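Q: Quick one: the structure is below, and I'll ask about it shortly.
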Amino acid sequence: MAQETVKITINGKEVVAPKGTLIIEAAAQAGVEIPHYCYHPHLSRPAVCRMCLVDVEGQRKLQPSCSTPVQSGQVIRTDSPKVQEAVREVLEFTLINHPLDCPVCDQAGECGLQNNYQDYGLYNTKFTLPKVHKAKVQKIGPTLTLDAERCILCSRCVRFTDEITKTHEMGIMQRGDHAEIRAVKEVNNPYSTNLADICPVGALTQNDFRFKVRVWYLKHEQSICPGCARGCNIVVDHYRGEAQRMRPRNNNAVNQSWMCDDGRLLYKAIRSEDRLNAPMLRKDGKRLAVTPSVAFSEALQLLEKHAKHTATQGSAFVSNEDAFALAMLLKMMQAPVAASLRESPAGWDDDALLRKADRTPNRTGASAFSGTEDFAVRLKNATLALVIQEDALPDRSLYPQLAGVIYVGTHDCPTAKAADVVLPMAMWAEYEGSFTNFQGRVQRFRPVVAAPEGVVPLWQLASRWSQAFGGKLFASAAEVFRAMATEHPLFAKMTFDGLGELGLCAPSTEQSKEAQA
Amino acid sequence: MIVVPRPAYSLREKVYFWEIAKGLLVTFGHLARNLWGAALRNRTIQTWEYPEEPRPYPQRVRLLHRLVKRPDGTPKCVACYMCATACPAVAIEIIAEPSPDDAIEKRPISFVIDELRCVMCGFCVEACPKDAIRMDSEVGDLMGTRREDFIFTLDRLLEMKPRAGAYLGDRELEAKRKAGLI
Ligand code: SF4
Ligand code: SF4
Ligand code: SF4
Ligand code: SF4
Ligand code: FES
């Protein structure tokens, strides 16, 4: 169905927009940014902040562009002296009781007030009365700090808790210049940290990130949250080679503009205590750290010796490329395909917003390259166990015929402790790859920080091992993806670069069927 | 666009020797004057015999940093990172933490200036919104044999004494008062 479009003119430029688009959205598509506070694409539009006023020809008063739909033939100006004067005055009004805490305010650097003041500042206060003071530094929940004085009453947080989480924690009390944002109960919902993202000023800040780094030092990388099967699109902010925070990135087909609180803290696993940083061999019950090449060839010897009798446990935590390269290795070894994927760790149920009970990021992708038989069944007639990431073999005494156990994973666990060869692998934030979410959407994540020295992703290990069996050595994740796209319909007609920022769905999957319907 | 023509050389300039002789005349003039001056103890030489002959610092000199204290002795700095951001030499390293006093909110848990990296530009002082860092301590010539001697930590910066005649008021408060904010 072709959408009806209308033609409008913004700042003298002709723009074609679908009918019903808001002026602010049409302008954004045309590259004209209209300052705004209360408007948010995924919340209702109360038009309370009045920052987004524009001049529509034929209308005597300025119109709020966040709640005015485009109409055919409209001539809109966002840069006329009248608009600039109005915006400057709105901003002046907004700042009347603002404490200007910028030196201690964690929002400084990404603050809506600071940014707009650069363009529309008055630079000279006319206001001489004492400011109204409000409650500062309120710990309103485990994740958030509220400073009511900095609030500009845009009501985004109120609408988020009313419309998105439906938990109704935030409210605006009193009237006039005593109007004050308050948490009417503890803000403790699984999506609370989104409030810190949508608050355009420093009123709501996230406890975990508070005072850690000034935001202008941060570098950003697009990625995918590995927390559950949803695969929320995120940005990882990093500084000096360390991930500092994760925040959501807009993808209407997956997570709109949100992500959950637990997902946001997953960057901590990258530098956690139990991270495996160096390869290890087990000799006489003791673990010895060895160089990567020693561990690599030790494992290769085991694989060569037991090739056909290897039982493999794959993982839904690794990327599509990892799972595919592993499958290729097993094929070259003439070993049976990897056992069925293990159940996801418990903890959540599906909820109405984002979280999926399946807390693995890539079950759809990884199951495309694993079998249906249980690992325990496979182990019965195997002499070598190859375990990827999962704690699948904590007690190897149950299988006395096992001559060796190879563990490839990111963190230490009982299986790793019992393994003969432990090879650490890179985590999602350290390499390039793709996850397939529960909808069948293949989404790319990118390297944010460097992996510990000598640690490489699983696909590299697998493809280097497979060389010994006459397999192909892949040079890059893109190359693995190319091979994978020809082998499996889930990735048919896709290219690694073609996945872009928002990912792609194969034609056979649920979502594209939905889209067609 | 303005075109400035090159000045044309006169014949005397082109011959060159006369001009060289003129230059040497100036050089030897200085030499003669200094020899003469030294003999008569009436010095015209512009070189000082430092450190035996210390020079008085001018009024607005930038000396080593110090951090200003609040009346209760805690640093006035709120760890806003403005100075560290402005510093062209990346000499300042700050780590922030929440202050136990909610009215202050944020404070440095560590504040380190590497005085060997510092180029004494004074940008940090200009950038500070709290008037918490100043370059008016009594130390202008720091000597040391190890790198650590030049690493100024939070405690060391707070201990630095203002030099005689340094301005001791609170510029931040004064600016606020002037703007009618307090
Ligand atoms: S909200 Fe913005 S303007 Fe207000 S104190 Fe924080 S950074 Fe400064
Ligand atoms: S706390 Fe932030 S999001 Fe909520 S109303 Fe105030 S400014 Fe808006
Ligand atoms: S004086 Fe200049 S170089 Fe030295 S610490 Fe301050 S800003 Fe940096
Ligand atoms: S600019 Fe001033 S208040 Fe900010 S961190 Fe530096 S010394 Fe502290
Ligand atoms: S963004 Fe339009 S009124 Fe707030």
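The values are calculated or read from the model by the stated rules, or taken from the named source; none is laboratory data. Predicted model only: the values in this text are computed from it and were never measured. So basically every Cβ, Gly included, is an ideal-geometry build from the backbone, and we count neighbours across all protein chains shown. When the accessible area is computed, the model is the full protein with side chains, heavy atoms only, and any ligands, DNA or RNA have been set aside. Shrake-Rupley method; radii C 1.70, N 1.55, O 1.52, S 1.80 Å.
Q: In whole Å, largest first, what are the principal axis extents of the Cα atoms in the protein assembly as shown?
A: 107, 75, 69
Q: Measuring from label point to label point, each 7 Å out along Cα→Cβ, what is the A:THR372 to A:ALA450 span in nm?
A: Label at A:THR372, label at A:ALA450, 4.7 nm between them.
Q: Let me ask another. At A:LEU398 and A:LEU100, where each label point lies 7 Å from the Cα along Cα→Cβ, what is the point-to-point distance in nanometres?
A: Reported label-point gap for A:LEU398 and A:LEU100 is 6.8 nm.
Q: Could you work out, residue by residue across A:366-379, how many beta carbons of other chains sit within 10 Å of that residue's beta carbon, and then give the average as an integer?
A: Values: counts 0, 0, 0, 0, 0, 0, 0, 0, 0, 0, 0, 0, 0, 0.
The mean count of partner-chain Cβ atoms within 10 Å per residue comes to 0.
Q: Grab the other residues whose beta carbon is less than 14 angstrom from that of A:LEU43, score K and R as +1, D and E as -1, and report the net. Provide the component values of the computation, followed by the final result.
A: Working: positive: A:ARG45, A:ARG156, A:ARG159, A:LYS166; negative: A:GLU25, A:ASP162, A:GLU163, A:ASP197.
Result for the neighbourhood of A:LEU43: 0.
Q: First measure r as the distance between the Cβ atoms of A:THR9 and A:TYR123, then evaluate 1/(1 + (r/R0)^6) with R0 = 30 Å and state the FRET efficiency to the nearest 0.05.
A: 0.40
Q: Using the beta-carbon distance between B:ILE2 and A:GLU57 and R0 = 56 Å, what value does 1/(1 + (r/R0)^6) give for FRET efficiency, to the nearest 0.05?
A: Once the sixth-power term is evaluated, E becomes 0.80.
Q: First select every other residue whose beta carbon is under 15 angstrom from the beta carbon of A:LYS185; then total the charges, Lys and Arg +1, Asp and Glu -1. Numbers along the way, then the final one.
A: On the way: positive: A:LYS139, A:LYS166, A:ARG182; negative: A:ASP162, A:GLU169, A:GLU186.
Summing Lys and Arg as +1 and Asp and Glu as -1 gives 0.
Q: Let me ask something additional. How much FRET efficiency would the formula 1/(1 + (r/R0)^6) give for B:ILE151 and B:TYR57, where r is the Cβ-Cβ distance and R0 is 41 Å, rounded to 0.05?
A: Details: r = 24 Å, r/R0 = 0.58.
FRET efficiency, B:ILE151 to B:TYR57: 0.95.
Q: Classify segment A:5-94: rounded, prolate or oblate, from the alpha-carbon gyration tensor (a ≥ b ≥ c, eigenvalue square roots; a/c under 1.5 rounded; otherwise prolate if a/b is larger than b/c)? Write out the running numbers ahead of the final one.
A: Details: a/c = 1.88, a/b = 1.27, b/c = 1.47.
Oblate, because a/c is 1.5 or more while a/b does not exceed b/c.
Q: Under a point spin-label approximation (7 Å from Cα along Cα-to-Cβ), what is the A:LEU288-A:SER72 distance to one decimal in nm?
A: Here the modelled spin labels are 8.2 nm apart.
Q: Calculate for chain B the 222 nm mean residue ellipticity that helices alone would give, adding -39,500 (n - 2.57) per DSSP H run of length 4 or more and normalising by residue count, nearest 500 deg cm²/dmol. Before the final figure, lay out the partial values.
A: Details: 6 runs with 52 residues, N = 182.
Here the helix-only value at 222 nm equals -8000 deg cm²/dmol.
Q: Non-local amide H neighbours of A:LEU386 (under 5 Å, H modeled in plane, Pro and chain starts lacking H): which ones?
A: A:ALA311, A:THR312, A:GLN313, A:ILE406
Q: I'd like the Karplus ³J(HN,Hα) series for segment A:281-295: coefficients 6.51, -1.76, 1.60, θ = phi - 60°, whole numbers in Hz, and an x wherever there's a Gly or Pro.
A: So the Karplus estimates, Gly and Pro as x, are 10, 9, 10, 6, x, 10, 9, 10, 6, 10, 6, x, 6, 5, 4 Hz.
Q: What share of all Cα pairs of segment B:66-163, in percent, falls into each consecutive 5 Å distance bin?
A: Result, from short to long distances: 3, 13, 25, 27, 19, 9, 3, 1, 0 percent.
Q: Among the listed pairs A:LYS286/A:LYS380; A:LYS139/A:LYS417; A:LYS356/A:LYS417; A:LYS134/B:LYS178; A:LYS139/A:LYS219; A:LYS286/A:LYS308, which are separated by more than 32 Å between their Cα atoms?
A: Violating the 32 Å limit, Cα to Cα: A:LYS139/A:LYS417.
Q: Averaged over A:123-135, how many beta carbons belonging to a partner chain fall within 10 Å of each residue's beta carbon?
A: On the way: counts 0, 1, 3, 0, 2, 3, 1, 3, 1, 0, 0, 0, 1.
The per-residue average across the peptide is 1.
Q: Let me ask you something else. What is the extension gain from B:GLU115 to B:LEU142, computed as 0.36 nm multiplied by their sequence separation minus the C-alpha to C-alpha distance, in nm to one decimal?
A: Numbers: separation 27, 0.36 × 27 = 9.72 nm, distance 0.92 nm.
So the extension gain works out to 8.8 nm.
Q: Another question about this same structure. At most 15 other Cβ atoms within 10 Å and a DSSP loop assignment: could you name the trypsin sites (Lys or Arg not before Pro) in segment A:402-503 that fit? Before the final figure, lay out each step's value.
A: On the way: sites: A:LYS417, A:ARG441, A:ARG444, A:ARG464, A:LYS472, A:ARG482, A:LYS493; in loops: A:LYS472, A:LYS493.
Taking segment A:402-503 and a limit of 15 other Cβ atoms within 10 Å, the loop trypsin sites (Lys or Arg not before Pro) found are A:LYS472, A:LYS493.
Q: Then there is this: So how much accessible area does A:HIS488 have, in Å² to the nearest 10, using a 1.4 Å probe?
A: Accessible area, nearest 10 Å²: 50 Å².
Q: Please report the projected area of segment B:13-53's Cα convex hull averaged over all directions, in nm². Don't jump to the answer; show the numbers that get you there.
A: On the way: hull surface 15.2 nm².
Mean projected area of the Cα convex hull: 3.8 nm².
Q: Please state the relative contact order of chain A as a whole percent: Cα pairs under 8 Å, 6+ residues apart?
A: Values: 1068 pairs, mean separation 53.4, N = 517.
Relative contact order of chain A: 10 percent.
Q: Need the list of lysines near B:LYS14 for cross-linking: C-alpha distance under 18 angstrom, and skip anything on the same chain fewer than eight residues off.
A: B:LYS14 reaches B:LYS22.
Q: Then there is this: In deg cm²/dmol, rounded to 500, what helix-only [θ] at 222 nm does chain A give when every DSSP H run of at least 4 residues adds -39500 (n - 2.57) and the total is split over its residues?
A: Rounded to the nearest 500, it is -6000 deg cm²/dmol.
Q: Separate question: Residues of segment A:5-94: accessible area per residue at 1.4 Å, in Å²?
A: On the way: 4400 Å² over 90 residues.
Result: 49 Å² of accessible area for each residue.
Q: Search the structure for amide H atoms under 5 Å from the amide H of A:ARG245, placed 1.01 Å from N in the peptide plane, and list their residues when 5 or more places away or on another chain.
A: A:ASP237
Q: Would you mind giving the mean number of other chain beta-carbons within 10 Å of the Cβ of each residue in A:103-110, as a whole number?
A: Values: counts 12, 12, 3, 3, 0, 3, 2, 0.
So the per-residue partner count for this stretch is 4.
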